[in-house]
1. Taking the DSSP beta bridges in segment 172-414 as the whole, what percent of them are antiparallel, to the nearest 5?
2. Counting each DSSP H run of 4 or more residues in the chain as -39500 (n - 2.57), what helix-only mean residue ellipticity at 222 nm follows after dividing by all residues, to the nearest 500 deg cm²/dmol?
3. Kindly provide the Kirkwood hydrodynamic radius of segment 35-148 in Å, to one decimal, from all pairs of distinct alpha carbon atoms.
4. Report the Cα-based extents of segment 266-315 along its three principal axes, largest first, to the nearest Å.
5. Quick check: convex hull over the Cα atoms of segment 108-230, volume per residue in Å³, rounded to an integer?
6. Quick one: P(r) of segment 172-414 from all Cα-Cα pairs, 10 Å bins, percents rounded to integers, in order of increasing distance.
7. Which whole-number percent of Cα pairs in the chain have a distance greater than 38 Å?
8. Take the chain, connect every pair of alpha-carbon atoms lying under 10 Å apart with a spring to form a Gaussian network, then pick out the residue of 214, 322, 413 with the largest mean-square fluctuation.
């Protein structure tokens, strides 16, 4: 375990050093070699390449005719990368990162766009269109397309006035969801329903999250006049408070409750203080994040059936170390995480999880996306003692013992042909 952690930490550091070293030279060489400084406006429209969050590009083409949208960053004037994160009110905060490729007198910059939780799809795409257009204006101003632009201010506040907004909810947001699904056949029936509730408060200095979920899944099978039934129920609730200490340090307190008959757990209650350090300042988290977090605290457990260690209930101390890396660049995106957890009374009762998601543009027109998750599992102390019947296995009633879990996916995209086609035609 220690060797695995050491190797992975070195790989993280190597990736971080190479990214930091490569960022500035790449930017300088690119602009210097392709840039052109001129007081004469360009005849052609600016060429824009967008990636990241999926947009309604037909809508953008119709309403942003001052730009040509291309499907290859190698021929673009501006490369825009869009990320999004959930805001404290339940809406989305989009980060639009403008990477200048051909204008020597402009630097890269980022603007944000915020949508509300109850915005419709139409309202969301209008806000994104307006934000994209606003960020492109400095570049459009260098082309003759700027002569055809006009602007209108739709606000009611007079210039110089400051609108003071009072929030009666004091930054608290609440959400509740109820869902259900039924699938009926002559010899098979499936019922599934779930409840979810959330109460959050987010400010610049503190973040409070409260979540609760209850799910029930019932399956019934009938064969040769006999009925077989499986009921899987689970309940999960958590509460956390995180305090910002500086531009890199944070501390918090996490509490949780868990119940699942599938995992032979009548209840599991834990309380864990934690500390986190981000290698990069949080104000650049839309481009790069490298966090190291440590959690430690007690956990109280009670089981439906006697466990494989002859326990009906027990209280143990648990610790976790979590490393997360995310890098967003014009060549692609890398996400990776390593989580190591163990019970402190016996370090052999542990779990190590490594997950990664990689999306990289190899050459013009060729992109590769891959991801995988690997878990080394040695902490299933909740497994019931005794034999597991074939009926329980087939009906998926109980968790089976396993020392590992592996998942992987890979995809390749090849694209070629016209890169300037901005025609919109949705017939048939």
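1. 100 percent
2. After summing the helix terms and dividing by the residues of the chain, the value is -5000 deg cm²/dmol.
3. Values: mean 1/r = 0.0677 Å⁻¹.
Result for segment 35-148 stands at 14.8 Å.
4. Principal extents (Cα only, largest first): 49, 17, 16 Å.
5. Taking the convex hull of the Cα positions in segment 108-230, it is 258 Å³ per residue.
6. 6, 20, 29, 27, 14, 3, 0
7. Values: 36379 of 91378 pairs.
Every Cα pair in the chain considered, those over 38 Å come to 40 percent.
8. Taking springs between Cα atoms under 10 Å, the residue moving most is 413.
Each value in this text was obtained by applying a stated rule to the coordinates, not by laboratory testing. All values reported here derive from a predicted model rather than from experimental measurement. Glycine gets a Cβ as well: all are built from the backbone with ideal geometry, and neighbour counts include every protein chain shown.
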